[in-house]
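Each value in this text was obtained by applying a stated rule to the coordinates, not by laboratory testing. These numbers come from a predicted model, not from an experiment.
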Amino acid sequence: MRLEPLLRRVDRLAGGRYRDAQVPGAASPGAAAPLWTVFWLLVVCTVLGGITVATVGVLTLQGAPPPLLVWLRVGVLFAISVSLFYFLWRASIGWYWAFQRLLLFSRVFPFVAIALALIPGAFPWWVVGEQIAFAAVLIIIQFVMISAPMKRAFPKPQRAASA
């Protein structure tokens, strides 16, 4: 079974108006290195999230379960980290919408993570630290995403003329 038709259905849900627009992506000169940098930074985010989920699990097994809010937050951060790999993969093969979503998430999520971390007493110190580290890595991803090689690899497609 070929997966691409199924993945294109997912793309249509996530892609918005640029869901059918393809650009050079990784085929563009100089784009491979920044894309690999983003990949490894996403690995860091995922490892951070995995360690935090494991910590919550261990605390729960030891009889000191963190509040439900902590479970939800660390689960959401881990899921976000993993889902960003899909956007990166689809962007690397030239889907403009995926590049756009990855850039959007790297711009918005740091603010969300830090804002939640600043809620007094909502999270233990180690969750606050993980959220700040997560935000810092996403900010670095954003700077990589707006670099000159990435701008050349992901030019904004022309909108189709309306009939």
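So the values come out like this:
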read-out	value
Length released on extending from ILE51 to ARG2, taking residue separation times 0.36 nm less the Cα-Cα span	14.2 nm
(i) 16.9, 55; (ii) 15.8, 47; (iii) 17.9, 64, with the label sought being that of the calculated Rg and Dmax of the Cα atoms in Å	(iii)
